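The values are calculated or read from the model by the stated rules, or taken from the named source; none is laboratory data. Everything numeric here is computed off the predicted structure, so don't read it as measured data. Every residue, glycine as well, gets a Cβ built from its backbone with ideal geometry; the counts of neighbours run over all protein chains shown. The area values use the complete protein model at the heavy-atom level, side chains included, leaving out ligands, DNA and RNA. Shrake-Rupley method; radii C 1.70, N 1.55, O 1.52, S 1.80 Å.
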Amino acid sequence: MRYGPNWLLSRRGTLKVFDDHLECGDWRVEYEHIREAILYSVRSNFIFPGYVLKVETAEEQYHFGLNSGEFWKCELPFPVRREKGRLGYSLFSLTVRTVVAGYLLYLAWLWISTWR
């Protein structure tokens, strides 16, 4: 798992957990179709603790970025394996962060140079 361009283009929505299925937008995943579900507890330098839920069915693989909360620490209505995860940085992500930091430093330099 890592930050990258796919995260920029990913679908945004609210994950709803029901007694028999997960729902996010027009996605509906029946628990009986889940081959494997892994709930990663993640932490990075720039975000608060949270979770990534990876759900695999015979046809698809889904990844849901989740906020931290007591709900995810409790028993879930579907079988899930819990693991610690770490979010890494892709080359794209590092490049974007470097460009933004450089631009902010440039703006700060322009602002400071107007004081003279």
- request: Would you list, by chain and number, the lysines whose Cα falls below 20 Å from the Cα of K84, excluding same-chain residues fewer than 8 positions away?
  value: K54, K73
query: Can you give the accessible area of K54, probe radius 1.4 Å, in Å² rounded to 10?
result: 50 Å²
- request: Per residue of the stretch 16-33, in order, report the coupling 6.51 cos²θ - 1.76 cosθ + 1.60 (Karplus, θ = phi - 60°) as ³J(HN,Hα) in whole Hz, putting x for Gly and Pro.
  value: 10, 10, 10, 5, 10, 7, 9, 9, 8, x, 8, 7, 9, 10, 6, 4, 5, 8
statement: With a 1.4 angstrom probe the carbon and sulfur portion of accessible area for the stretch 29-78, in percent, totals 46 percent
field: 3J(HN,Hα) from dihedral phi, the stretch 65-74, Karplus parametrisation 6.51/-1.76/1.60, rounded to Hz, x for glycine, proline
entry: x, 10, 6, 6, x, 5, 3, 6, 7, 8
query: Solvent-accessible area per residue for the stretch 25-78 at a 1.4 Å probe radius, Å²?
result: 66 Å²
Local electrostatic count, F64, Cβ distance below 13 Å [Lys/Arg +1, Asp/Glu -1]: +1
Solvent-accessible area of L104 with every protein chain in place, 1.4 Å probe, in Å² to the nearest 10: 100 Å²
- request: Just reorder F78, F18 by solvent-accessible area, largest first, 1.4 Å probe, all chains present.
  value: F18, F78
